Each structure stands twice: as C-alpha cells, then as structure tokens.
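What follows is one structure encoded as structure tokens, with my remarks underneath.
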Amino acid sequence: MAFEYILTDAQVAPYVALIRLNRPKELNALNLQLMGEIRDALKAFDEDPAVRAIVITGNERAFAAGADIKQMAGKSAIDMLQIDQFSTWDAIRKTRKPIIAAVSGFALGGGCELCMLCDMIVASETAQFGQPEINIGVMPGAGGTQRLTRAVGKALAMEMVLSGRFISAEEARAAGLINKVVPVELYLDEAVKLASRVAEKSPIAVQLAKESVLKAFDMPLQEALYFERKNFYMLFATEDQKEGMEAFIEKRKAEFKGR
Ligand code: CAA
C-alpha cells in the first residue's frame, strides 16, 4: 500500500497492524486525503486474516489537531454537502476488527473524534483532548457532540464543546473517555500490548463482541439485548468456541484459529 500521509505496518506485533498519521508539520491535521488513506488502510487490514487488531497513532506532539482548517476555510455549505467528507468516517466506523488509538499530544476536534471512533484509547501523560471548533465559529461535525457526551456525560461534554477547554489525559481517564494513561515513552508500546492481548482471542468472538458493544449506542436496550444474544448463540457454530471451552476444561491455553 502506497500512502502519502500515513505509514503502515501490517505486523507491528503478531496479528497487530499499525497505522501512523504522518503529517507532522501540520500536527496531523486531517485533510480529505489523509482520512481517505486511513479508510483504505483500515479496509485492507480488516480483510487481512493475518491482522486481528489495529493500532492508530500519531507522533509525540500530536495525534491529530483536527480537521484541516486551511482546506475547509473557503468552502460553502453546498461544497461541504457535496464533498461529503463524513462518508469516509462512516466507512471507518464499519471496521469489524478492534481499533486502539495510541494518543500523545493534541487530540483536538476531528482528532478527538477520530480517537472516539476507535474502540479503546491509550494515552500518554502529555495527551490533551478537546473540541475547540467553537473557537473558529463552528462546532464538532464528526461525532463530537454525540460520542463525547455518551463517554463523559452532559456536563463535561457541554463545557468542552461550548468553551473549547482542553482536558488532560488524567481528566479524560477519570471521566471515562480513555482506557489508560502512561508515561510518554510507553504509550505506543502499551497500546500495542493491549492490541496483542485482544489479538490472542478468537477473532470471530472479538468481532461479534465489538459489534454487540457498539449496539449499545445505536439501539434501545431490549433490542440490543436480543442482538447480543444472537451473536452469543452464533459463536457456538465456531471451532474456536469448542477449542476455547475444551482448553479451559483440559487446563491448557486455547489455540484460536478464527474458524
Ligand atoms: N488545520 C490545519 N492546520 C493546522 C491545524 C488544523 N486543524 N492545526 C494546526 N495546524 C498547523 C498550523 O497552522 C501550523 O502551520 P504553519 O506552521 O504552516 O503555520 C502548524 O500546524 C503548527 O501549529 P501551531 O503553530 O498553531 O502550533 P502551536 O503549538 O502553537 O498550537 C494548537 C497547537 C493549539 C493545536 C493549534 O495549532 C490549534 O489550535 N490548532 C487548531 C485546533 C482546532 O481548532 N481543531 C479543530 C479543527 S475543526 C474540526 O476538527 C471539525 C470537525 O469536527 C471535523
């Protein structure tokens, strides 16, 4: 895969792929091409049986400082409608394999929204999360008013979205936005470690479990419970379920094959 604004590694650890946003001078501002490249890389990894979990990262200074303001500044509402940039985000949301964001430095605007599109977030102590779109006369457009509110609750989400205040990694962890805060030299390793832990499990069980957790955001409780139940029953059609349960009974480590 040849990309201009991202670097990829299909095997940063066994069964774990890495996508690194690589527009450092612009603090990884998310222009249309960069988002398209993330979508294409994720699609390829989603289809690759040698990949079971994906880590997305930036660099120490910035995960991403938001959508590319310079690319958007002169656009009209009709331009924005026709460009339809968020269809790329919808495609990213459809990735079946788990995605872990490894965040250091700025995760702002679309950068914060991109990590919220991931399934888990590991951050360095230097990470800052924010939705500062209000400072430039707009508002979040890639899920910031919705995913942030569901993650941290109305009071903090309202404050971040209306005042543009950034929160630290520790505040983000305490508020439930992210999974873990570690020293800056460890954030990528920790994210890869977490991805590796997930990648050891049955990939079919992981996929159906991710899909079921996400239904908590999309469906009323009772329907989501039925959805969960069907996915649970479906796993009894897999060899991995037999292997997992037999290995437990025989007191050995399970060998999952993704079948
Ligand atoms: N878009 C385009 N360029 C950006 C950018 C962005 N979102 N964020 C930073 N850059 C560029 C700067 O213009 C600058 O480029 P030049 O060197 O060519 O001038 C370079 O990156 C470095 O940035 P700064 O000099 O500003 O660095 P700093 O350390 O002084 O400040 C910052 C860092 C606080 C993150 C500041 O850059 C900033 O406020 N960035 C914008 C953050 C923002 O408003 N994000 C929301 C964007 S809108 C959005 O995301 C909509 C949506 O919901 C999808």
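Any read-out appearing in this document is the output of simple, stated calculations on the displayed coordinates, not a laboratory observation. What you see is a predicted model, and the numbers here were worked out from it, not measured in a lab. Cβ coordinates were reconstructed from backbone atoms using ideal geometry, including for glycine residues, and neighbour counts include every protein chain displayed.
Observations, loosely collected:
- Calculated FRET value between Lys180 and Ala151, using beta carbons and R₀ = 22 Å, to 0.05: 0.90
- Angle of helix 154-163 to the longest C-alpha principal axis of the chain, folded into 0 to 90 degrees and rounded to 10: 30°.
- Quotient of C-alpha Rg and 2.2 N^0.38 Å, computed over region 160-259: 1.44
- Normalised contact order of the chain, rounded percent, pairs of Cα under 8 Å and 6 or more residues apart: 16
- A P(r) calculated from all alpha carbon pairs of region 203-249, with 10 Å bins opening at zero, reads 27, 46, 23, 5 percent.
- The Rg/Rh ratio for region 118-164 is 0.97, where Rg is the radius of gyration of the alpha carbons and Rh is the Kirkwood radius.
- Estimated from helical segments only, the mean residue ellipticity of the chain at 222 nm is -14000 deg cm²/dmol, where each DSSP H run of four or more residues counts as -39500 (n - 2.57).
- For region 229-243, 3J(HN,Hα) per residue [Karplus equation, 6.51 cos²θ - 1.76 cosθ + 1.60, θ = phi - 60°, Hz, x = Gly/Pro]: 4, 5, 5, 4, 4, 4, 5, 6, 8, 9, 5, 4, 5, 4, 4
- Convex hull per residue volume in Å³, alpha carbons only, for region 158-201: 93
- Placing +1 on the Cβ of every Lys and Arg and -1 on the Cβ of every Asp and Glu, with nothing else charged, gives the chain a dipole about its Cα centre of roughly 420 debye.
- Three-way shape label, region 20-129, alpha-carbon gyration tensor, a/c 1.5: oblate
- Radius of gyration over Kirkwood radius for the chain, both on Cα atoms: the Rg/Rh ratio is 0.99.
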